[in-house]
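What follows is one structure encoded as structure tokens, with my remarks underneath.
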Amino acid sequence: MGAFEVILIDPSDARDVLAERLHMQGYAVRVTASPIEGASFALADPPAAVIADLWMPGISGVQLARLLRAEVATERVPVILRGPEGDRQNRFWAERAGAAAYVGQGRMGELVRALAAAIAANPPTEDSFMQAYRIAAHLDTALFESVLAAEVRALSVCGSFARLPDLLSQFVSRVTSYRWLAVYTGQPERLGLHAHPNTRAQCEEEARRALKPTLASHAQVLAVEDEDAYADVAGAPPIVRDICLGTEVIGTVGLAPRETPHPKDSELVSIVARELAGPLRIAALVEESQRLATTDPLTGLMNRRAFSAAALREVERAIRYKSPVSVLMLDVDRFKAINDKRGHASGDAVLAAMGRLLGTELRKLDFVGRWGGEEFTVALPSTDLVGATIVAERVRAAIAALVVRDATPHPIAVTASIGLATYQAGDTVDTLVDRADRAMYVAKTSGRNRVSVAPAAAKPEPTADDVATSPAAVQH
């Protein structure tokens, strides 16, 4: 009996206890928590018997038993399935799958007896082992591909590229071991990376070289760092595959194996690359629809609705933490004259140039939107009246220095009138923007190309609920 090898597939924490019990009975026990890995073990080197749970994540015991019976090398390998004691339905499915026995979980003695009887009835032969050796290179191709393909396709519901690297790594790390796993997409340029926290910087550099050597240094890197990736500083060369949608290459996926790669790693990466095109494209479409819903198409800035929602959150934060927040309202001077004299294409060129300038003149925590027509709004978190005045003057000067060119040889000079309001007790998003708008009107009627500050007005302190019901929060 000591020569008989048994594969034990048990996802629970009790597998080591059962393995020890079988070892004491003289069996050589190969233990795994993964049914996919267990199936691969059995097909590569058929054992005397397989013990598995009836219901397991990924592959059920019923599917496992049918799979092994369908393969020439394992058709005589008895499979013993375990499940709830006295469950007639489970016993029925186990019998229909061709299991040698169905044993209630926790019935150790019954399991040992069933195992001995199953092996006695189906003793392993030298011929079956030789058959297994000859087909070892074809480890359960159908099962391997179908399970992995289904897992990758399921990523279509991720909703954004930002979530995809995390979800992808969660199942790939259960199938194989690696130093890093990375996905690159070029629209826009982003790199998703899964690596160990201790080697993250090294892994990012390697992934950049392997997937996209020309990847811009400022390209967004979405890193998932945990110990599911291994902290090895060296390993086998990365396996890299293009992700294609039809004839179009839309991305790249790469995996850096450990020193001794799993024999199926190359096939694994190929399957992931083949199936990942759909989830990548769906994520891009979802992101694009979200972007269109919140972005002004001409300037690339937030639209009025998105700005109002962001400003609402900022005013709520100002109330909660008693921190300052200021708002600028900008209006392009003599914009109607530009449209009337030079055409709407020239007016669009001015608005687009304003969008580019405002997008680069402000801090990362500031946000700017197109309020409508030639009006723009800017929110300055954690900025009091003094600081906001400095910012407003700097923006005004930058606009005055802006030269916009259109189809004519004559450049368009641009100036803007700016109104400034700083949050005060009693303000909502609506009243704060309105005060900035009134100040902007003062700047406009006082000669244009200047900054005007809204006067303070004493009002009662609102609650966060008051802000949440602000018209600016719900109308736009």
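A few comments on the model shown:
- Exposure of Glu71 as accessible area (Å², to 10), given a probe of 1.4 Å and all protein chains: 60
- Expressed as a fraction of 2.2 N^0.38 Å, the value expected for a compact globular protein of N residues, the C-alpha radius of gyration of segment 314-425 is 1.16.
- Our coupling estimate for segment 226-232, obtained by passing each phi through the Karplus curve with A = 6.51, B = -1.76, C = 1.60 and θ = phi - 60°, is 7, 8, 5, 8, 8, 8, 4 Hz, Gly and Pro reported as x.
- Within the chain, helix-based [θ] at 222 nm, where runs of 4 or more DSSP H residues each add -39,500 (n - 2.57), nearest 500: -14000 deg cm²/dmol
- Spread of Cα-to-Cα distances over 5 Å intervals beginning at zero, given as percent, for segment 212-269: 4, 13, 19, 23, 22, 13, 5, 1
- DSSP H segments from the chain that extend 27 Å or more along their own axis, Cα-based, with Kyte-Doolittle mean of 0.0 or above: 265-294
- A 1.4 Å probe, protein heavy atoms only, puts the accessible area of Glu75 near 100 Å².
- Peptides 61-69, 261-269 ranked from most to least packed, by the mean per-residue count of other Cβ atoms within 10 Å: 61-69, 261-269.
- In the chain, the ratio of gyration radius to Kirkwood radius, Rg to Rh, stands at 1.19 when only Cα atoms are counted.
- Solvent accessible area, Å² - Thr299, 1.4 Å probe, full protein context: 20
- Built amide H within the under 5 Å cut-off of Trp371, gap 5+: Phe376, Thr377
- Projection of the Cα convex hull of segment 193-346, averaged over all directions and equal to a quarter of that hull's surface, yields 15.4 nm².
- Percent antiparallel among DSSP beta bridges (both partners in the chain, rounded to 5): 60
- Whole-number D in µm² s⁻¹ for segment 338-393, Kirkwood Cα-pair radius fed into Stokes-Einstein, 10 °C, 1.306 mPa s: 126
- Distant-in-sequence amide contacts of Arg82, defined by a placed amide H-H separation under 5 Å and a gap of 5 or more residues or a different chain, comprise Ala52, Asp53, Leu54, Val103.
The values are calculated or read from the model by the stated rules, or taken from the named source; none is laboratory data. Remember, predicted model here, so these are calculated numbers, not experimental data. Using ideal geometry, Cβ is built from the backbone for each residue, glycine included, and neighbour counts are taken over all protein chains shown. The protein model used for the area step is the full one, side chains on, heavy atoms only, and it has no ligands, DNA or RNA in it. Shrake-Rupley method; radii C 1.70, N 1.55, O 1.52, S 1.80 Å.
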